[in-house]
Structures are given as structure tokens and as C-alpha cells.
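Contents: one structure, followed by commentary.
The values are calculated or read from the model by the stated rules, or taken from the named source; none is laboratory data. From a predicted model like this one, the values you see are computed outputs, not experimental measurements. Neighbour counts are summed over all protein chains in view; Cβ atoms, including those assigned to glycine, are modelled from backbone coordinates with ideal geometry. We work out accessible area using only protein heavy atoms, side chains counted, and drop any ligands, DNA or RNA first. Shrake-Rupley method; radii C 1.70, N 1.55, O 1.52, S 1.80 Å.
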Amino acid sequence: MSAATAATPVNAEQTGRRVEEVLERLTASGDPAAAAAAEELVRSLMDFYGAGLARILHLLSAAPGGPAARLLGDELVASLLVLHDLHPEDRDARIARALDSVREHALEMVDFDEGSGTLSLRAQESGGGCGCGSGADARQAAEAALACFAPEVRAVDVRTAPAGPPLLQIGTVPKGAR
């Protein structure tokens, strides 16, 4: 692999969409043999790369310390491992890893509905004027991270939790303290 290839960012979600679009164009072209050949080509490449990734994971897990955390934390590598059903972490661990990658939004997993693929999250209410961003920003950040680490999450519902008790301010006395 060249340095230029390694430096070019690749987004797994966009790549998947591009592959689907190409297959749909071939199907729409009216040539069923070409569409079937293209689908067979994609399946063959997926099988080949999946077998290679499985071998890499096996070799890494045989080494002292198991698979490197850096590999599992990389969005592209994680998405490939999930795509090939090779990721060694379970769904909840991958969701936690995705949420950790957007920790500036202080999101906490509440529930996951397997039937609908909806992940319910709790976000701490911002203290007002801190510049922490909106709930929509938190949802978008979570969706982007989850697309790589936990694609089984098809929808994200973010609810805002009230902030904790107000902090004691210098020069004030809490109620009931006198």
C-alpha cells in the first residue's frame, strides 16, 4: 500500500452506499447477466477479504496481549471487522466504544431495542450557555460513530437528563445551612 493510499480517508458507510448504487445501476441497465456477475464479484471479494481479516485477527489474538486496542478503536478497521462478523467485542462494548469516541457530548446508553434497532441515549443537560452543543449535534455525532462501530443501531433517540444539583457558589450559603 502506498503512502497516498494510507493517507486517504475511507468511510465505510459511504463506500457501502457507492457499492449498492453501482449494483443498482447494473440491475437497472437491463442486463441480468452483468448484474449477476457484479453481485458475484462483490460476494467473492467480501469472502476473500473476510478470510484475510479473520486470519489477521487469529494471528493477533495468538500474540501476547491479544488484538491491539488501537486496531479495535480505529473506525475503518472496526467497521470492516463488524461487516465480516469478526469484531471480538459484543454489541454493547462496541456501542460503548462508539460513545466514548464522542465523549464531549456526555452520552449514556439507556436501552437498545433489537427489533427496531433503536438505541436510546441520555445526554446531560448543558448548564446553559456553556457552548456544549445541542441534542441534535449529540445525536448526529452518535449516529456517525455508531455507523462504524455498531451498524446494527439503525436509529438513535437522545433524551436530555436534567443536570445535577447546582454547584455551591462562593459567597452564598446553602438553604437550611444557618
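Taking the radius of gyration and the Kirkwood hydrodynamic radius from Cα positions alone, what is the Rg/Rh ratio for region 24-86, to two decimal places?
Dividing the radius of gyration by the Kirkwood radius yields 1.20.
Using R₀ = 35 Å, calculate the FRET efficiency as 1/(1 + (r/R₀)^6) where r is the Cβ-Cβ separation of Leu41 and Gln140; round to 0.05.
Working from the Cβ atoms, E equals 0.55.
Where does each of Phe48, Phe112 land when they are ordered by accessible area, with a 1.4 Å probe and the largest first?
Phe48, Phe112
Report, by chain and number, residues whose modeled amide H sits under 5 Å from the one on Thr160, excluding near sequence neighbours (fewer than 5 apart, same chain).
Ala123
Over region 17-124, with every protein chain in place, what whole percent of the accessible area is carbon and sulfur at 1.4 Å, could you tell me?
56
Please give the solvent-accessible surface of Asp157 in Å², to the nearest 10, using a probe radius of 1.4 Å with every protein chain present.
50
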